[in-house]
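Undergrad: This structure is in structure tokens; I'll ask about it shortly.
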Amino acid sequence: MVNDNEEMDDFVNYILSPENDEKEKELGLSHPSVEFEEKERELADRIELEKEAEERSAYYTCKRFHGDPKGVCEKIHSLGPWLKDIRGLNMHKLIDTLLKDEMICEDLNDDYQDALEILYNTGKFKDIKVIEGRYYTNKLKECSLVKDDKGEWHYVNKLNTNWSDLSELLTTLFIKGGMIEEMTKKNVIEVKNYLEGLRQNNLKDIKKSNLYRLFKKYFDQEEYKDFTHNTKKNTAIGDRVEDLAKELLESKGFKLIYNGRNGNFIDMKYGIDLIMELDGEVFLIQVKSKAAAAKKAMDYPTYKHIDIFVGESPDKNGVILYDRDQLQEGTFIEKELLKENLDYLINKFYDSGEVNLD
């Protein structure tokens, strides 16, 4: 029995093999053009990338724990956004404070001139000015972020908002403090009440809270960088959906004019993942992993200037677009081209008898 990875490797190697030309002709699957050949190869690359993304996504929340610690982690995780929200445990601010010494503060206006010019020309962003021929905003004047040893953006920058990673961080705190046995005896409501007790006194000065003091006692700065497994998983999924959204929009005539990635402050400060153009009109686009999340995001003040919200459809066979004014119910774009090409490759490969499925 060939395992899934070996079978997919055989699949990709086979469809890229020039020795398969004669077999293609026999099957009536010869390529009509060089362009089609390039698309076929791009799809093979996509299959490999999606396989790698799925492998990276194999991690699930609390996987690092077993027994009682895992049960405590799952209870904390069930509290969801409350862990980070200012009206909840306020760990967004707590993590920012804990990481402050590791953060590098920079003026990034020069790094985003292309994007700032596009946003300025939309007329929506009054904070963006033109000063001596240079686009400038205070939002990019003092950007703080943690960098890795190579000077690149680090995933720990998202720890303050990922409640899955925060739940694992808190569980580790209880392990270090010898509190796991006591926390195991508490139900979810009791766990929440206990955490609220640790949060006391941090409304005005977070450094006075017991939670801050405990983290300072039991963790050093480098340890926080280990709590990024869920962030990496979500980022891999998000990148895949963003690439899919971009390609499907391009198939409908949109032209990409700006695309930010991890650590991109246009996304962080303005909530914009993609900037695309259609018939001379510029569209600011926010991409979510799921269509339901994209539709919900339309109500967030953070995204008030976004034109189009995109999320993957529930059946994962395309994306759904939500326009603030015209497409409230959502417009579905199917993976038509990709689906047809994939059927072509599967038929060519498996019908050839080159793969043993037994």
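The values are calculated or read from the model by the stated rules, or taken from the named source; none is laboratory data. Note that the structure is predicted; figures quoted are calculated from it, not measured. For neighbour counting, all protein chains shown are included, and Cβ atoms are generated from backbone atoms with ideal geometry for every residue, glycine included.
Undergrad: Quick one: ASN356 ticks every box in (1) at pLDDT 65 or above; (2) over 27 Å from ASN109 (Cα atoms); (3) not aromatic (Phe, Trp, Tyr) except a single one, so which number is it?
TA: Status for ASN356: all satisfied but (1).
Undergrad: I would also like to ask the following. Go through (1) free of Cβ contacts under 8 Å to residues at least 60 places away in the same chain; (2) outside any loop (DSSP other than H, G, I, E, B); (3) in contact with a helix residue (DSSP H, G or I) (Cβ under 6 Å, 6 or more places away or on another chain) and name the single condition GLY88 misses.
TA: (2)
Undergrad: Separate question: Report, by residue number, each residue of the range 218-251 that is free of Cβ contacts under 8 Å to residues at least 24 places away in the same chain and either under 24 Å from VAL146 (Cα atoms) or of a type in the set (S, T, N, Q) (or both).
TA: ASP220, GLU222, GLU223, ASP226
Undergrad: Residues to consider are LEU79, LEU83; find the one that is out of contact with any Cys (no Cβ under 9 Å at 6 or more places or on another chain), within 20 Å of GLU223 (Cβ to Cβ) and not hydroxyl-bearing (Ser, Thr, Tyr).
TA: Details: LEU79 fails: within 20 Å of GLU223 (Cβ to Cβ).
None of the other options fit; the residue is LEU83.
Undergrad: Scan (1) at pLDDT 90 or above; (2) in a helix (DSSP H, G or I) for the single condition LYS126 breaks and write down its number.
TA: Against the list (1) at pLDDT 90 or above; (2) in a helix (DSSP H, G or I), LYS126 comes up short only on (2).
Undergrad: Quickly run through the range 91-132 and pick out the residues that are in contact (Cβ under 8 Å) with a residue 24 or more places away in the chain and among the β-branched types (Val, Ile, Thr).
TA: Result: ILE95, THR97, ILE104, ILE118, THR122.
Undergrad: Within the range 224-234, can you find the residues that are under 14 Å from THR171 (Cα atoms) and in a helix (DSSP H, G or I)?
TA: TYR224, ASP226
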